[in-house]
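Student: My structure is below; once you've seen it, I'll send some questions.
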Amino acid sequence: MNQTKLLLAAFLLAVSTLISCQKEISNDLAFTTQDPTYSANITTTIEGRITDELSKPLQGVLVKAGSTNVVTNINGEFTLTNVSVYDKAAFVQASKQGYFDGSRTFIAKQGGSHYVEIKMLPNQSIGTINAASGGSVTLSNGTSVTLPASAVVVASSNAPYTGTVNVSFAWIDPTSNNVDREMPGDLRGISNANTEVGLQTFGMVAVELKSPIGEKLQIAAGKKAALKFFLPATLTATSPNEIALWSFNENNGLWKQEGTATKSGTFYNAEVSHFSFWNCDAPFPTVQFTATIKYANGESARRKMVRIRRTNTTGFTTGFTDTAGVVRGLVPANEALILEVLNECNNILHTQNIGPFSAAANIAVTITGSTIQAATVSGTAINCSSVAIANGIADLVTGQRTYRTSIVNGAFSFNLSICSASQSATLVIIDTANSQQNSSTITLVPGANNVGSVSGCGTSITQFINYSVNGTPYSILPPADSVTAGFNIQNNRTVVSGYTMNAGSMRSIEFSFSGNTVGTSNLTALRINSPSGGGSLGSNVIPATITEYGPAGGFIAGSFSGNISDSAIIRTVQCTFRVRRY
């Protein structure tokens, strides 16, 4: 059965104004000045939350809308107040070193308050290709990118590039429950006929090319690279033999039709002339739709997830209501649909049949009950000497969401919602000053939960990447420097990276190895940039000894030594590391 997520434009985000189906639009914007409801710029407020691929909050993400920038707090939250955006194509962008850029495009309302969620994907080097001879990089599911010989240029100058190409590559599963948060923008596209259409995705990829020193690379003019998209088994039978291909425009936050992809077995094959996010999508007819969602007492259902299902598939789209409990956008025309409202615990609060709609529709939805209950959690965090932790971090993992807050003079507190009268959660206390952490299991009940004194003493949280190039030592040490580590299930590889700045000279290291256990594993990629020289793994074989491999939130530690290559220059590298796994 087709499990494609029909990610309709408005239901990816909290949206508040109607958009026209199949209307004529300009090449670079998602609206037309001939539309009588058009407003070039409006002022609105945008709130949201940004997480990593494991749904843990990301702090320090730069978020931009219009000309306004903010940075996410410890819980991954941000607020952009009174920002100027395009009404029919408000575009929120998120960037953080070590991740592909995330974004959301939505339809904004003058004076409104909108809510978005973005899940950022690790920007990991999956493999390398020699630019002069060309080659391929392939994920474990067969998704691949192939570069022809002599087809790469430096993006900033268009100068020909002949060295090693580091390929960062991610496949976005069209059947995933999180695809609407992982993908960029929303699923509105500009077709070859210059019309705005809704899109049904059959798979996406993100591709980025870099030199060993971090320069961004692109495909040379007149050349094309080959992309192969894995097609999940649940979609194979219903997927078209030929499908439109779309690239994501990072300037306006919309998808643009560029060519076609052809099905071969369980893959779509395509050729592309540049790299960004690419998407295999079938456009579908739509109508305008508005739902105003309230509780029985008349209170607006704010920030509630809304899910729209087609009755003839298991595919669905999700999004969030705004502060007035309103969701507006596009839904499939002339089809019976199912509307569901979910709470923060992903429990269904309300469900009803809607449609079919042959013209714009506006419905009211009343939620008659709620299984969610408010709770607070507070306590005092102590260190290994039983003294209150002056500064630290507390994480509360409920199973549905990870909450994060600061510890100040031992005190911490959370405001959250729980799903039952007695719910288990994990509380993690992190003592940053003494580089220790500890976790415990607690039971939450509605109302106040005072957990008393909780220790942050137990596991070292020390992180570092120490390495040397030809005997010259370097260290990358958080929090001043950036370090990340994680396991990529798509190609069964662990990727570790670190970045720092020293006297204006960039230093970085990134490496990967197969598997996710302790033991010995050969590096599958390595690139280093340092004042004393750098290089990449190339054909060298470097075994890594992994001494620690914790679960998500734990640590990955180990060491390796060997040679790297930079053209004809061989350099000796030694490295020890310990980095928290996201």
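Student: Of the residues that make up the stretch 468-488, is at least one in a loop (DSSP other than H, G, I, E, B), over 30 Å from G399 (Cα atoms), touching a residue at least 24 places away in the same chain (Cβ under 8 Å) and open to solvent by 10 Å² or more (accessible area, probe 1.4 Å)?
Tutor: Checking the stretch 468-488: at least one residue is in a loop (DSSP other than H, G, I, E, B), over 30 Å from G399 (Cα atoms), touching a residue at least 24 places away in the same chain (Cβ under 8 Å) and open to solvent by 10 Å² or more (accessible area, probe 1.4 Å).
Student: May I pose another question? Kindly evaluate T238 against the criterion of being part of a helix (DSSP H, G or I) and either among the polar types (S, T, N, Q) or more than 30 Å from T162 (Cα to Cα) (or both). Write out each step before concluding.
Tutor: Numbers: part of a helix (DSSP H, G or I): no; either among the polar types (S, T, N, Q) or more than 30 Å from T162 (Cα to Cα) (or both): yes.
Considered against the rule, which asks whether it is part of a helix (DSSP H, G or I) and either among the polar types (S, T, N, Q) or more than 30 Å from T162 (Cα to Cα) (or both), T238 comes out as no.
Student: Is there a residue in the stretch 428-440 that is open to solvent by less than 60 Å² (accessible area, probe 1.4 Å), out of contact with any Gly (no Cβ under 6 Å at 6 or more places or on another chain), of a type in the set (V, I, T) and assigned to a strand (DSSP E or B)?
Tutor: Yes: one or more hits.
Student: Tell me, please, whether a residue that is modelled with pLDDT under 85 and hydroxyl-bearing (S, T, Y) can be found in the stretch 146-164.
Tutor: Step one: filter the stretch 146-164 for residues modelled with pLDDT under 85, giving none.
Looking for residues that are modelled with pLDDT under 85 and hydroxyl-bearing (S, T, Y), one finds none in the stretch 146-164, hence no.
Student: Would you say E299 is farther than 30 Å from V428 by Cα, out of contact with any strand residue (DSSP E or B) (no Cβ under 8 Å at 6 or more places or on another chain) and open to solvent by 20 Å² or more (accessible area, probe 1.4 Å)?
Tutor: So E299 passes the test.
Student: Just to verify a result, which residue in the stretch 404-427, among those that are at pLDDT 90 or above and assigned to a loop (DSSP other than H, G, I, E, B), is most open to solvent (accessible area, probe 1.4 Å)?
Tutor: N409
Student: Which residues, taken from the stretch 127-158, are open to solvent by 20 Å² or more (accessible area, probe 1.4 Å) and in contact with a Gly (Cβ under 6 Å, 6 or more places away or on another chain)?
Tutor: P148, A149
Student: Related question: Residues in the stretch 70-95 that are surrounded by 19 or more Cβ atoms within 10 Å (Cβ to Cβ) and either in contact (Cβ under 8 Å) with a residue 40 or more places away in the chain or within 18 Å of T44 (Cα to Cα) (or both): how many?
Tutor: First pass over the stretch 70-95, keeping only residues surrounded by 19 or more Cβ atoms within 10 Å (Cβ to Cβ): 72, 75-76, 78, 80, 83, 85-94.
Now drop any that are not either in contact (Cβ under 8 Å) with a residue 40 or more places away in the chain or within 18 Å of T44 (Cα to Cα) (or both), which leaves 75-76, 78, 80, 83, 85-94.
Residues flagged as surrounded by 19 or more Cβ atoms within 10 Å (Cβ to Cβ) and either in contact (Cβ under 8 Å) with a residue 40 or more places away in the chain or within 18 Å of T44 (Cα to Cα) (or both) within the stretch 70-95 amount to 15.
Student: Right, something else. Checking the conditions here, which among A225, A261 is aliphatic (A, V, I, L, M), more than 21 Å from D186 (Cα to Cα) and either open to solvent by 50 Å² or more (accessible area, probe 1.4 Å) or at pLDDT 95 or above (or both)? Let's see the steps before the verdict.
Tutor: Working: A261 fails: more than 21 Å from D186 (Cα to Cα).
None of the other options fit; the residue is A225.
Student: So which of G189, G134 is on the phi < 0 side of the Ramachandran plot, of a type outside the set (V, I, T) and in contact with a Pro (Cβ under 8 Å, 6 or more places away or on another chain)? First the steps, then the outcome.
Tutor: Working: G134 fails: on the phi < 0 side of the Ramachandran plot.
The conditions single out G189.
Student: Ok, one more. Within the stretch 461-482, count every residue that is within 28 Å of the chain's Cα centre (by Cα) and not hydrophobic (A, V, I, L, M, F, W, C). Walk me through how you get there before you give the answer.
Tutor: As a first pass, look at the stretch 461-482 and keep what is within 28 Å of the chain's Cα centre (by Cα): 461-465, 476-482.
Within this subset, residues satisfying the condition of being not hydrophobic (A, V, I, L, M, F, W, C) are 462-463, 478-479, 481-482.
So the answer is 6.
Student: What residue, of A375, A421, A394, A411, is free of Cβ contacts under 8 Å to residues at least 60 places away in the same chain and under 31 Å from the mean Cα position of the chain (by Cα)? So that I can check it myself, show each step before the final result.
Tutor: On the way: A375 fails: free of Cβ contacts under 8 Å to residues at least 60 places away in the same chain; A421 fails: under 31 Å from the mean Cα position of the chain (by Cα); A411 fails: under 31 Å from the mean Cα position of the chain (by Cα).
Just one listed residue meets the conditions, A394.
Student: Filtering the stretch 175-228 down to residues that are in a loop (DSSP other than H, G, I, E, B) and β-branched (V, I, T), which residue is farthest from T260 (Cα to Cα)? It would help to see each step written out before you state the result.
Tutor: From the stretch 175-228, those in a loop (DSSP other than H, G, I, E, B) are 175-178, 183-187, 191-194, 211-215, 220-224; that's our starting set.
From the residues that got through so far, the ones that are β-branched (V, I, T) too are 175, 213.
Details: T175: 21, I213: 34 Å.
Per the criteria, the residue is I213.
Student: Here is a list: T398, T376. Which entry is among the β-branched types (V, I, T), within 29 Å of L444 (Cβ to Cβ) and open to solvent by 50 Å² or more (accessible area, probe 1.4 Å)? If you could, list the steps in order and put the result at the bottom.
Tutor: Values: T398 fails: open to solvent by 50 Å² or more (accessible area, probe 1.4 Å).
After applying the criteria, what remains is T376.
Student: Next up: Please work out if T500 is open to solvent by less than 40 Å² (accessible area, probe 1.4 Å), at pLDDT below 85 and part of a strand (DSSP E or B). Talk me through it step by step, then tell me what you get.
Tutor: On the way: open to solvent by less than 40 Å² (accessible area, probe 1.4 Å): yes; at pLDDT below 85: yes; part of a strand (DSSP E or B): yes.
So T500 fits the description; yes.
Per-residue answers, yes or no, for (1) open to solvent by 10 Å² or more (accessible area, probe 1.4 Å); (2) assigned to a loop (DSSP other than H, G, I, E, B); (3) among the aliphatic types (A, V, I, L, M):
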position	(1), (2), (3)
N516	yes, yes, no
T524	yes, no, no
I528	no, no, yes
T545	yes, no, no
T576	yes, no, no
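The values are calculated or read from the model by the stated rules, or taken from the named source; none is laboratory data. Source: prediction; values computed, not measured. Note: ideal-geometry Cβ built from the backbone for every residue, glycine included; neighbour counts use all protein chains shown. Ligands, DNA and RNA are excluded from the accessible area calculation, which covers all protein heavy atoms including side chains. Shrake-Rupley method; radii C 1.70, N 1.55, O 1.52, S 1.80 Å.
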